[in-house]
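The values are calculated or read from the model by the stated rules, or taken from the named source; none is laboratory data. None of the values given here were measured: they were computed from a predicted structure. Note that each Cβ is placed from the backbone with ideal geometry, even for glycine, and that neighbours are counted across all protein chains shown.
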Amino acid sequence: MTAGLTVPTAGAALAAATARLAAAGVPDPAADAGWLLAGLLGIGRAALAASLDRALPAALADRLEDLLARRCRREPLQQVLGWEDFRGLRMRVTRDVLIPRPETEVLVEVALAALPAAGAGVRPRVVDVGTGSGCIAAAIAHERPDALVTALDTSAAALGVAQDNLRALGLAGRVRLVRGDLLEACRPGRLHLVVSNPPYLPRTLLPTLEPEVRDWEPVVALDGGPDGLAVVRRVVAGAAEALRPGGALVLETAGAFQARRVAALLAGTGFTGVRVERDLTGTDRIVSGRRPARRARAASSAGLAGATAASGGRCRKGGQPPLRE
């Protein structure tokens, strides 16, 4: 075992781990040390206080040393642990996907409220754009078993993580994974809901992010172009075509100033009932709106209705089969 953690008890290990993380500049060293030690002991963090007097076997001390070395390099705690909880679901995370965050739980809350009521005789068609770990798609499928959920991503590695999560949660048969570029894979006029946590950070902001984000999370899932809205604009334009009359678009944004800009973008694209919702910190974060019926009539007169009915509302990519049928 390497120097610094030759300690007889879990309590001593916790104290030494906290000091080491603090010296490395980790923002909340005591909490992170607790999570790492509790994980090794196979207990919840709340139960750790009752286990501090127990002996720490040398093998566990060695494993703790390895985990601490990773966290001291500012690898995110969730990647070190290998998971993050999201709306009560345990999601596996890797460097290929964004770590699920509490504000995205609010995104799901708003998205669920935008769906047709359960038991109304409608099976809502939902597309999660840029699914990453699959947390949004999994949460919607878990909480609305009647929904037909498709999860899109351009990254094969991210879709692999999403597939693992869906299998572990028993949702693999309920969410269809498709590798594709935003909503270009979707037939027009059939979806009840488009939901997305898109890349929304201005490119110039990326170098200023905390090391845990800047160095360890996928840049493609963060980089929103020069003003942060490059991908958002494409999602809004695609949703305006892919949604059925009255269908909803729900987006996460970077915060208050961007939320107002995205709300104006939705209104300017023809969405009605545009709303801005606050996250758990009280920050304007989630923007939503609905496609008006008049767009549907225009699409029908252009002869799109037959094509959308034939698609069944599913998303496809020319020459690119879904990851899993």
**Q.** Odd one out for residue 299 among (1) farther than 25 Å from residue 181 by Cβ; (2) small (Gly, Ala, Ser); (3) modelled with pLDDT under 95
**A.** (1)
Q) Taking segment 170-197 as the search range and keeping residues that are touching a helix residue (DSSP H, G or I) at 6+ places or on another chain (Cβ under 6 Å) and in a loop (DSSP other than H, G, I, E, B), which one is surrounded by the most Cβ atoms within 10 Å (Cβ to Cβ)? A) 197
Q | Only listed residue being surrounded by 21 or more Cβ atoms within 10 Å (Cβ to Cβ) and farther than 16 Å from residue 128 by Cβ, chosen from 268, 224, 282, 273 | A | 224
Q: Of the numbered conditions (1) of a type outside the set (A, V, I, L, M, F, W, C); (2) assigned to a helix (DSSP H, G or I); (3) modelled with pLDDT of 90 or more, residue 246 fails exactly one; give the number of that condition.
A: (2)
Q) Is there a residue in segment 227-236 that is farther than 22 Å from residue 102 by Cα, outside any helix (DSSP H, G or I) and in the same structural domain as residue 251 (by TED's automatic domain parsing)? A) yes
